[in-house]
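Here, each number is a calculation from the coordinates, and none is a lab measurement. Because the structure is a prediction, the values reported are computed rather than measured. Every residue, glycine as well, gets a Cβ built from its backbone with ideal geometry; the counts of neighbours run over all protein chains shown.
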Amino acid sequence: MDAIYLDNAATSWPKPDAVIEAMIRHQRMVGGSPGRSGHRLSIEAGRAVYGVRETIARLFHIADPLRIVFTKNSTEALNIALLGLLKPGDHVVTTGMEHNSVMRPLRFLASHGVELTVVACSPRGDLDPGDIRRALRPNTRAVVLTHASNVTGTIMPVQEVAAIARERDIVTCVDAAQTAGVLPIDVEMMAIDLLAFTGHKSLFGPQGTGGLYIRKGLDDRISPLMRGGTGSRSEFEEQPDFMPDKYEAGTPNAPGLAGLAAGTAFVLAKGPERIHAREKALARRFLNHLEALDGDATIYGPRDMETRTSVVSFNLRDIVPSDAALFFDERFGILCRPGLHCAPAAHRTIGSFPQGTIRFSFGFFNTEAEVDLAAEAVVRLLQR
Amino acid sequence: MADNQPSSVVLVESFGHALQAEKMLGAAGIPCRLVPVPRHISSDCGVCLRFSSDFHTRVEEILSGRLESFEIVRL
Ligand SMILES: Cc1ncc(COP(=O)(O)O)c(C=O)c1O
């Protein structure tokens, strides 16, 4: 039985061949410590890492590639941003649709003197930007929100929120884990100050890659999470204060980043719009099947494909999501993710806490035949 | 760039800046090469950009205002 992989919102799979080849090539032929040692292979490795910065910068319309800090994933990027920026007495605003990679650092900060407001969203996961405006206080330092929910696929009004924040000099921090590579992101046009992205989802890179864009000037206000060797200013025992070295202590994941460059090049060659269109078509096809089941399926999130990504969360009668997932795996080879998806707040918002939902997340490499088989599996489960 | 000609180096803050400087000089047709920072200049273990001292003034012009901070040293 072939695996039908419907867990692309957790991590995309399979990866384009070019990604795997780039990592093997890097490990075989380059391999030096990036920019540390001055010899040929170190310089080549450093060039490779810089090349990844350029590729990512192109995708997000970032003028200076050195504004990008590489991390092991978006969780680390969000922790650098939030723990580095927010101080006791500051106020921060977020939404009721956030992943724990936003919520947990914020809850931690809230227990250490930071004021936190979680703005409620509709049961479909929609955010009213006006509610963000109303939540602002004189000491509001930042607004943190996901670009799209990993539970319902709802696309958040990032540009509207960022415009409201920019008017008052409030920092906008965006979690693009679910959207980098599928939705257009232009940090200048959208007035995004901090953009956290992960490499292993829609950028088709390997796990262990991700990053944080920091707008010019803002790094002065963000202390690093870690300190250590950077290959620069080695005569000093203090951490450098310039980008990106300030936040990149330790030898980076250069082979992984070589894979990320190839994955991002794949996205740029195909075009995020085309990738999104393909994924939307697959998700819509599956939603059509679910909608035909009438009352047997509870579908969460928006139905209009223009306002969502290809993540579909649903429940089937009173079947426990984890039981359903096991059935799909064992009987159909369908790999999905049941439960809370690291986002208890989002499940509370949509009314599926604590049991969660079944989540099918479609990716660029899925086929119509797989979607139809997934729908058949759902029908079989209901007939059981 | 022959090794026996008088040469200079551009010192920058980080490896990334060295690559940016290399691109700027490359675009202007000035031959240059990334080399380890000579020990007598700095104890830094990073790289710098070496070029023929003939280009000293032009290099300064090209990098001024485009690189946040740099220093040119004659070897
Ligand atoms: C919305 C959202 N934010 C953040 C993350 C965290 O990504 P990572 O695990 O790569 O740090 C994920 C995925 O796990 C996500 O879906």
Only helical DSSP H runs with n ≥ 4 go in: add -39500 (n - 2.57) per run for the protein assembly as shown, normalise by residue count and round the 222 nm mean residue ellipticity to 500 deg cm²/dmol.
-11000 deg cm²/dmol
Amide N proximity, the range B:22-52 versus A:His39 label position 7 Å along Cα-to-Cβ, cut-off under 14 Å:
B:36
Under a crude label model (7 Å from the Cα following the beta-carbon direction), how far is A:Gln383 from A:Arg137 in nanometres?
5.8 nm
Interchain or sequence-distant (5+) residues whose placed amide H lies within less than 5 Å of the amide H of A:Val171 are A:Ala142, A:Val143
Output the Cα-based Rg and Dmax of the range A:177-336 in Å, rounding Rg to one decimal and Dmax to a whole number.
21.0, 69
Kirkwood Rh, Cα atoms: Rg over Rh of chain A:
0.98
Give me the Å³ per residue figure for the convex hull around the C-alpha atoms of the range A:283-368.
107 Å³
So how many Å³ per residue does the convex hull of the Cα atoms of the range A:230-304 work out to?
186 Å³
Distance from the range A:33-73 to the range A:145-206 (C-alpha centre basis), Å
22 Å
May I ask you to derive the relative contact order of chain B, considering only C-alpha pairs under 8 Å and at least 6 residues apart, and to give it as an integer percent?
47 percent
Would you calculate the separation in nanometres between label points at A:Ser223 and B:Arg39, each defined as 7 Å from the Cα along the Cα-to-beta-carbon direction?
3.7 nm
Here the whole-number average of other chain Cβ atoms within 10 Å per Cβ of A:242-248 is 3
Whole-number percent relative contact order across the range A:145-304, with pairs defined as alpha carbons under 8 Å at least 6 apart:
20 percent
Restricting to bridges with both residues inside the protein assembly as shown, how much of the DSSP beta-bridge set is antiparallel, in percent to the nearest 5?
65 percent
In terms of modelled amide H atoms, which long-range or inter-chain residues lie less than 5 Å from the amide H of B:Cys48?
B:Val35, B:Val37
If you build the convex hull over the alpha carbons only and average its shadow over all orientations, what do you get for the range A:1-89? Give it in nm² to one decimal.
9.7 nm²
At 10 °C and 1.306 mPa s, grab the translational diffusion coefficient of chain B from Stokes-Einstein with a Kirkwood Rh over Cα pairs, rounded to a whole number in µm² per second.
131 µm²/s
How charged is the neighbourhood of A:Leu127? Take every other residue with its Cβ under 14 Å from the Cβ of A:Leu127, and add Lys/Arg as +1 and Asp/Glu as -1.
-2
So for chain A, averaging the separation of alpha carbon pairs under 8 Å that are six or more residues apart and normalising by length, what relative contact order in percent results?
24 percent
Using a cut-off of under 15 Å, list every residue of the range B:45-75 whose amide N is near the label point 7 Å from the Cα of A:Lys216 along the Cα-to-beta-carbon line.
B:64-69
Dipole of chain A, positive direction: furthest Cα of A:Gly217, A:Gly89, A:Leu183, with charges on the beta-carbon
A:Gly217
Work out the charge dipole of the range A:17-270 with +1 on the Cβ of Lys and Arg and -1 on the Cβ of Asp and Glu about the Cα centre, then indicate which of A:Gln159, A:Val144, A:Pro252 is farthest towards its positive end.
A:Pro252
Residue mean of other protein chain beta carbons inside 10 Å, B:16-23
6
Given the options A:Gly356, A:Gly339, A:Gly231, state which has the largest fluctuation in a GNM of chain A using a 10 Å cut-off (strictly under) for Cα springs.
A:Gly231
